Amino acid sequence: MNLGQIVGVNWENSAPRKRSLRQMLEALVDAVADEGGAGVLITVDEFHNLAEDQASSLSSSLQRIAERRQKRLAFIGAGLAQMKHGLLNRPGFTFFRRCDHNDVGHLGLDDAVMAIAQPLQDAGLSIGLPELRRAAAATRGLAYAIQSIGAHLWRACGGPPGPVTGEDVATAVRRMEADVADKVVTPIWARLSPADKRFLFAMLPDSGGSSLVSIARRLAKPAAHVHTYKRRLLDEGVVTETPLGDLEFTSVAVRYRADQELAVESMSVGESRRISHQVPPPDDVEGLLQSMRSSASEVCAAPMPRAESTCVLPSGHGGSHRSKHPRRAG
């Protein structure tokens, strides 16, 4: 048998073409619909930590799918409020900006009590109401602080079963404050502008809430200026608003950081104000608060319009006032 022509056939194995995020989401939604499902819910936690390219890809994919109204797809993202000034302001994120935004804010004391108590009780731990309320109050309703103190309470009492003691709470509060200072306050502080920090410095003389009138007087700024920075700092999560409209630091760690920074600035220009953080903080949060209140009360804080600042000399000093801007001091 003669073959007039020999035909060669080569086989080549190639990887399947990688599908885009939009194609995969559409395929998922279609598959759920084919099986009779109600639809697909996509949730993203820590949304503020998404890389810009990841968020852009998700935004464009959801936008394209949303345009096809027969697609049963819903999206929920959870992140910190500063996204409104950062990630969501970038080009190409129109879909996320058009989504409904709900500000959760800080939990009330009763909700914080429940959030701490329920997981402990479910795991067989017992905790008395006084200890529970003290732990909840120390968190100031900050969600991360509630998670942190719950974990430290678990570790402090050695795991189930066993009662949570007052000493356990004191230990958990100290460790929670350290967590908040390191993982929440430090990154936020790095984002604050000098004007943001001056606003916080103006709150230090108050042992409780700071009224906007008092802050404006100490800063020698008009009400519009104070309202602008109030909103910025509320969004950043370093202050919270009381039912009476006053402002408070969201945690002991924020107040402590502001007190430290003001002391360092004062010393850098030759001021004699005592640096409060050189004194070892007491074991309990109430004592820590009291020590910072005493330190803050030593500052004169008289308004200095020409310097656009307040006096940083000790309260009751003699002579003219001094600001932290030596060239503009009165």
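The values are calculated or read from the model by the stated rules, or taken from the named source; none is laboratory data. Just so it is clear, the structure is predicted and the values come from calculations on it, not from any experiment. So basically every Cβ, Gly included, is an ideal-geometry build from the backbone, and we count neighbours across all protein chains shown. With ligands, DNA and RNA removed, areas are computed over all heavy atoms of the protein, side chains included. Shrake-Rupley method; radii C 1.70, N 1.55, O 1.52, S 1.80 Å.
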Any residue in region 91-111 that is crowded, with 17+ Cβ neighbours inside 10 Å, under 27 Å from residue 250 (Cα atoms), touching a strand residue (DSSP E or B) at 6+ places or on another chain (Cβ under 8 Å) and at pLDDT below 80? yes
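Name the residues in region 235-254 that are part of a loop (DSSP other than H, G, I, E, B) and surrounded by 19 or more Cβ atoms within 10 Å (Cβ to Cβ), would you?
Step one: of region 235-254, the residues part of a loop (DSSP other than H, G, I, E, B) are 237-238, 242-246, 250-251.
Matches in region 235-254: 237, 238, 246, 250, 251.
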I'd like the full set of residues that are of a type outside the set (Val, Ile, Thr), open to solvent by less than 50 Å² (accessible area, probe 1.4 Å) and either in a strand (DSSP E or B) or more than 22 Å from residue 143 (Cα to Cα) (or both), limited to region 34-56. 37, 39, 51, 55, 56
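Pull up region 219-229, narrow it to residues that are assigned to a helix (DSSP H, G or I) and surrounded by 18 or more Cβ atoms within 10 Å (Cβ to Cβ), then point me to the one that is farthest from the chain's Cα centre (by Cα). Explain how you work it out, then say what you get.
The first filter runs over region 219-229 and keeps only residues assigned to a helix (DSSP H, G or I), leaving 219, 223-229.
Within this subset, residues satisfying the condition of being surrounded by 18 or more Cβ atoms within 10 Å (Cβ to Cβ) are 219, 226, 229.
Numbers: 219: 25, 226: 21, 229: 16 Å.
Among residues in region 219-229 that are assigned to a helix (DSSP H, G or I) and surrounded by 18 or more Cβ atoms within 10 Å (Cβ to Cβ), the one farthest from the chain's Cα centre (by Cα) is 219.
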For region 188-208, which positions are open to solvent by less than 30 Å² (accessible area, probe 1.4 Å) and of a type in the set (Gly, Ala, Ser)? 195, 202
Residues of region 124-150 being hydrophobic (A, V, I, L, M, F, W, C) and open to solvent by 40 Å² or more (accessible area, probe 1.4 Å), in sequence order, are 129, 137, 143
For residue 69: the one exception among (1) open to solvent by 70 Å² or more (accessible area, probe 1.4 Å); (2) outside any helix (DSSP H, G or I); (3) modelled with pLDDT of 75 or more: (3)
Residues in region 77-90 that are in contact with a strand residue (DSSP E or B) (Cβ under 6 Å, 6 or more places away or on another chain) and modelled with pLDDT under 80: how many? 0
